[in-house]
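Asker: Before I ask anything, let me first share the structure, which is written out below as structure tokens.
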Amino acid sequence: MGKPLEGIKVVEVAMWAFVPACGGMLADLGADVVKIEPPTGDPLRGLQIGGLGAGRIDFSWESYNRGKRSVTLDLKQEAGRAVLYRLLKDADVFLTNLLPPARRAMRIDEDSLRAAFPQIIYASGSALGPNGPDFEKGGYDAITFWARGGISSSLTEPDAAHPVGPPGPAFGDTLSGAMLSGAVCAAIAKRALTGEATSVDVSLLGTALWSMQRYVCQATADGVQKFPKPAADKPNNVLVSNYRTSDGRFLALCMLQADKYWAPFCEVAGRSDLAADPRFADACARRENIAACHAEVKALFASRSLAEWKEILGRQQGQWDVVQDVGEMKDDPQAQANGYLKNIDYDDGMQIPMVGLPMVFDGQPLPSTRSPELGAHSDTVLASLGYSEDEIIDLKVQGVVF
């Protein structure tokens with residue numbers, strides 16, 4: 001089976017995680033993604049955050065730069081830009097997250113590239129969008145998506161010493177990168193259908209707003225500054241909550257149609273008396289007596305182990321699942337069956353784990369390959385552009401190519 005974007009060429013001038021994550025997705029989808037790196041490389045290479053990335057394998061780098069080809073070019077030099085322009089002659093997409101002043105200085109802004117390549121799709125990832133007073137301001141996942149986007153505040157208790165931070169590296173970057181890849185695919189489809197090339201921009205702030213839209217819209221309509229964080233010890237519906245088992249694990253229940261599932265749940269749990277209790281007879285009665293009902297259900301879950309509850313809950317139709325740790329995901333049968341987790345060839349016969357795209361085409365997951373070493377494809381890419389061996393050597397002597 002061919003990949004959906006086979007035949008599409010993407011030239012990426014980007015760094016860190018957000019836009020490179022988009023490029024990695026496009027590569028998995030079959031596009032030929034040529035990553036242009038400065039002489040020192042993308043600064044994500046070797047970055048360590050919170051003790052992560054200290055080993056031989058940099059999983060941030062591998063995850064967001066999968067399947068690309070790497071060419072090192074000094075775009076501050078005219079000769080470097082000449083190489084880039086030759087590379088763009090048959091490119092479909094130019095992908096970047098450099099700030100607007102840097103793009104203008106390197107003549108890789110939209111106006112410059114559109115004048116030279118009218119059919120190219122110009123795709124940018126920004127912090128705050130292409131318009132407004134802050135459109136040239138930079139940003140990162142933690143400050144733009146998480147903090148400014150209202151997500152951290154919504155998760156933080158009123159009396160907390162510090163706002164809640166992201167659950168892991170590049171949380172908002174990967175979501176924003178996925179959104180940008182969708183925009184790029186839409187632009188590719190538009191050009192194929194109409195012949196019109198367009199520009200697209202996705203921002204960290206815009207993706208945060210999209211992710212938080214239910215709260216944002218309600219707060220806007222009601223004039224509310226911040227919604228109170230729901231109390232974990234007092235749910236509105238006892239069948240939509242998390243419960244600790246006797247062995248210290250948690251189960252998440254999300255049975256939104258409470259009256260449909262309440263009696264069958266009580267039956268399989270061996271507590272039909274709870275369903276028969278007038279205080280808990282229906283959703284209205286359970287809300288009126290929520291403290292007593294919740295106490296009964298908490299005690300019920302605390303009386304059995306996770307394994308026991310998995311067997312019990314499997315005998316009823318209400319929706320539930322285990323609160324899993326990241327280290328358990330490799331053993332999740334659904335993750336394995338759908339190719340969401342895979343091992344890819346690295347080097348010297350070594351394989352490393354990688355998370356696949358959450359897209360399955362015709363029932364089959366898309367394969368992935370490792371990320372490139374710095375400048376690994378410089379010579380072959382330049383040769384394919386018509387540069388002779390002597391010309392390539394001369395570019396290296398000039399410090400244009402490394």
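The values are calculated or read from the model by the stated rules, or taken from the named source; none is laboratory data. Because the structure is a prediction, the values reported are computed rather than measured. Cβ sites come from the backbone with ideal geometry, for glycine too, and all protein chains shown count toward neighbours.
Residues are listed down the side, and each one gets a yes or a no for (1) under 17 Å from residue 18 (Cβ atoms); (2) out of contact with any helix residue (DSSP H, G or I) (no Cβ under 9 Å at 6 or more places or on another chain):
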residue	(1), (2)
148	yes, no
191	no, yes
198	no, no
215	no, no
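Asker: In the stretch 247-299, what residues are in contact with a helix residue (DSSP H, G or I) (Cβ under 6 Å, 6 or more places away or on another chain) and of a type in the set (S, T, N, Q)?
Answerer: 272, 289
Asker: Given the stretch 263-367, what helices (runs of 4 or more DSSP H) lie entirely inside it while holding 1 or more residues that are of a type in the set (S, T, N, Q) and either farther than 22 Å from residue 25 by Cα or out of contact with any Pro (no Cβ under 9 Å at 6 or more places or on another chain) (or both)?
Answerer: 272-276, 333-337
Asker: What residue, among those in the stretch 91-105 that are free of Cβ contacts under 8 Å to residues at least 40 places away in the same chain and not basic (Lys, Arg), is surrounded by the fewest Cβ atoms within 10 Å (Cβ to Cβ)?
Answerer: From the stretch 91-105, those free of Cβ contacts under 8 Å to residues at least 40 places away in the same chain are 99-105; that's our starting set.
From what's left, not basic (Lys, Arg): 99-102, 105.
Numbers: 99: 16, 100: 15, 101: 10, 102: 16, 105: 13.
Across the stretch 91-105, the extreme among qualifying residues is 101.
Asker: Here's another thing I want to ask about it. Out of all the residues in the stretch 12-32, which are closer than 14 Å to residue 188 by Cα and either among the hydrophobic types (A, V, I, L, M, F, W, C) or not assigned by TED's automatic domain parsing to the domain that holds residue 175 (or both)?
Answerer: 26, 29, 31
Asker: Kindly indicate which of 94, 145 is touching a Phe, Trp or Tyr at 6+ places or on another chain (Cβ under 8 Å), assigned to a helix (DSSP H, G or I), of a type outside the set (A, V, I, L, M) and assigned by TED's automatic domain parsing to the domain that holds residue 197. Let's see the steps before the verdict.
Answerer: Details: 94 fails: assigned to a helix (DSSP H, G or I).
Checking each option against the conditions leaves just 145.
Asker: Would you confirm whether any residue within the stretch 197-213 is modelled with pLDDT under 95 and of a type in the set (Phe, Trp, Tyr)?
Answerer: Checking the stretch 197-213: not a single residue is modelled with pLDDT under 95 and of a type in the set (Phe, Trp, Tyr).
Asker: I need a count of the residues in the stretch 179-193 that are surrounded by 17 or more Cβ atoms within 10 Å (Cβ to Cβ) and either farther than 30 Å from residue 156 by Cα or touching a Pro at 6+ places or on another chain (Cβ under 9 Å) (or both).
Answerer: Of the residues in the stretch 179-193, 7 are surrounded by 17 or more Cβ atoms within 10 Å (Cβ to Cβ) and either farther than 30 Å from residue 156 by Cα or touching a Pro at 6+ places or on another chain (Cβ under 9 Å) (or both).
Asker: Here is a further query. Give, as residue ranges, the strands (runs of 3 or more DSSP E) completely inside the stretch 2-85 that count at least 1 residues that are acidic (Asp, Glu).
Answerer: Fully inside the stretch 2-85 and qualifying: 9-13, 32-37.
Asker: While we're on this one: Could you tell me whether the stretch 67-81 includes any residue that is in contact (Cβ under 8 Å) with a residue 40 or more places away in the chain, among the small types (Gly, Ala, Ser) and touching a Gly at 6+ places or on another chain (Cβ under 8 Å)?
Answerer: yes
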